[in-house]
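Every number here is computed from the coordinates shown, using simple stated rules; none is lab data. Predicted model only: the values in this text are computed from it and were never measured. When we count neighbours, we look across all protein chains shown, and the Cβ atoms used for this are built from the backbone with ideal geometry, even at glycine.
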Amino acid sequence: MAIRRKDWALPLEQHDSVAQLDGSPRRRFYAGGDIARVEAINDLRARTHKLMPRFVLEYLEGGAGEEATLARERECFAEWRVMPHTLVDEAHRDLTTSIIGKDAPLPLAVAPTGLNGVFMRGADTALAQGASRSGVPFIQSTMSNERMEDVARVPGLRHWWQLYVFGGEEIWQELVDRADACGCEALVLTTNSQIFGQREWDSRTRVEGQRPSWSTVFDAALHPRWLATTLNRGMPEFANVIEFVPKEHRGFFDSAFWIRGQMWRNLDWKTVAKIRDRWKKPFFVKGMLNLKDVERALDSDIDGIILGSHGGRQSDWAVAPLDILPRAREIVGDRKALYLTGGIRRGTDILKAKALGADVVLTGRATLYGLCAYGADGVHRAIETLKEEMLNELGQYGIPRLKALTRDLLVRTDDLPL
Ligand SMILES: Cc1cc2nc3c(=O)[nH]c(=O)nc-3n(C[C@H](O)[C@H](O)[C@H](O)COP(=O)(O)O)c2cc1C
């Protein structure tokens, strides 16, 4: 399966074509069933595009508006180049780090994503299993489709909870208490989605308001494998919050729209302080892209900031988190943890984010491609692929330890040394 070149941001597209002549044999990513043949996240993506129906792909891949933020999230990585060292001992390379004070094999966590039940039944558990096998945290979304208490049973899981604030006060309070009771080790408050982004390609596949169009239904019917693994017991439901939804709105689409309508438009630092009071473990705020907000966070008692644009799904024409990362790190110093989420598809992306000041990155689509392609094994494969790429590139850069990676290894393409 070939992914069309225009699917990638421009600089990567040019880079892609250097090894080919017009008329060269067409290159194809591997989209088959043998997971051992996966070379890169793109192979998992290609299989995802082969297996998933159109409306699922739109939900997974799409961004808001012109999809300018979505494109920027990839472009920004191409604007940084590496100046590798040579003649250093690269025999032993080490990616180990610490995530909220506990040892971790690499600086990565699986980002919260809602509605994973449209990819396959049991998807939240599968994401948790894949993350757990790799020894990294899995952040479960308020809009996930399996009860957090069930997901918490995955052996060895580092389980975090992502909170959306909607409806009455008792909803967030109950969710936070439940997350604590089932062993979640950190809480992530998402702050950039109180008004749902204008994802028009996603909407176009549901032309009849809250219902799928006939062509969408027809296309779904052409994907029997997806039907068998996803809708075999009916539509997924928002298992953690469905009891807060009035009975007459509990249908799949209806409940999603009802919850969307109940999001607090006035979510602010006062609410952050209230949540902080109730939740005693590590507490992160997710979705910041403005340096003034980063400065403001220093006056709060949160433990960390997650820079991100919700994978380009909320504001259009926004900067990418990587664009503001170096300055955000200067502002924050070592007073707060600073994480980044958005556009991670390669081990090199993680190394660049680390060099520019991120403590940890969160993967959204990269691990979802693994899920769609091969379930829990695919999630694990996605993380291990990124890890193998990081280990190799560390050697290429002549940097034996992740901890030794600093910004002076990188140079911006518009600021190359003469
Ligand atoms: C399908 C999908 C669903 C998402 N749902 C949520 C969510 O429920 N809560 C949340 O905080 N972020 C959500 N996000 C944003 C991710 O947590 C993450 O920040 C984003 O995917 C990062 O970009 P990437 O996909 O390029 O890695 C979602 C992203 C995707 C792609």
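Summed over qualifying helices (DSSP H, 4 residues or more, each -39500 (n - 2.57)) and divided by its residue number, the chain shows a 222 nm mean residue ellipticity of -12000 deg cm²/dmol.
The H on the amide N of Val188, modeled in the peptide plane, is under 5 Å from the matching H of Trp161, Gln162, Leu163, Phe284, each at least 5 residues off or on a different chain. Derived scalar couplings between HN and Hα for the range 255-268 equal 5, 4, 5, 5, 4, 3, x, 9, 4, 5, 6, 10, 4, 8 Hz in order, rounded to whole Hz, by the Karplus curve 6.51 cos²θ - 1.76 cosθ + 1.60 (θ = phi - 60°), x for Gly and Pro. Evaluating 6.51 cos²θ - 1.76 cosθ + 1.60 at θ = phi - 60° for every residue in the range 229-239, the Karplus couplings come out as 8, 10, 9, 4, 10, x, 6, x, 10, 7, 4 Hz, glycine and proline recorded as x.
Is the range 252-323 best put as rounded, prolate or oblate by its Cα gyration tensor, with a ≥ b ≥ c the root eigenvalues, rounded for a/c under 1.5, and otherwise prolate when a/b is larger than b/c, oblate when not? Note, shape of the range 252-323 comes out oblate.
Legend: calculated FRET efficiency, Gln173 to Ser213, from the Cβ-Cβ distance at R0 = 30 Å, rounded to 0.05, equals 0.15.
First check a/c for the range 134-274, with a ≥ b ≥ c the square roots of the eigenvalues of its C-alpha gyration tensor; if it is under 1.5, answer rounded, and if not, answer prolate when a/b is larger than b/c or oblate otherwise. Verdict is oblate for the range 134-274.
By the gyration tensor of its Cα atoms, with a ≥ b ≥ c the square roots of the eigenvalues, what is the shape of the range 215-373: rounded for a/c under 1.5, prolate for a/b over b/c, or oblate? Cα axes put the range 215-373 in the oblate bin.
Legend: ranking of residues Thr348, Thr86 from fewest to most surrounding C-beta atoms inside 10 Å; resulting order Thr86, Thr348.
For the range 299-342 versus the range 238-264, the spacing of their alpha-carbon centroids is 30 Å.
Between Leu291, Leu405, Leu21, the residue with the greatest mean-square fluctuation in the GNM of the chain (Cα pairs under 10 Å linked by springs) is Leu21.
Comparing Cα centroids, the range 367-404 and the range 191-237 end up 30 angstrom apart.
The residues Asp22, Asp94, Asp323, when put in order of fewest to most other Cβ atoms within 10 Å, stand as Asp22, Asp94, Asp323. Across the chain, the relative contact order, built from alpha-carbon pairs under 8 Å that are at least six residues apart, equals 26 percent. In plain terms, the chain is cut at each of the GluC sites (Glu not before Pro) found in a DSSP loop with at most 13 other Cβ atoms within 10 Å, and the longest leftover piece is 67-418. Remark: spin-label model distance Trp269-Arg412 equals 2.8 nm, labels positioned 7 Å along the Cα→Cβ axis. Annotation for the range 273-314: trypsin sites (Lys or Arg not before Pro) lying in DSSP loop with at most 15 further Cβ atoms inside 10 Å of their Cβ are Lys280. Between Phe196 and Ala404, the FRET efficiency estimated from the beta carbon spacing at R0 = 45 angstrom works out to 0.60.
Applying the criteria of a DSSP loop state and at most 12 other Cβ atoms within 10 Å to the trypsin sites (Lys or Arg not before Pro) of the range 160-243 yields Arg233. Kirkwood's formula applied to the C-alpha pairs of the range 103-194 gives a hydrodynamic radius of 13.3 angstrom. Taking 0.36 nm per residue of sequence separation and removing the Cα-Cα distance, the Arg37/Leu391 pair yields an extension gain of 125.5 nm. The percentage of C-alpha pairs in the chain whose separation is greater than 32 Å is 33%.
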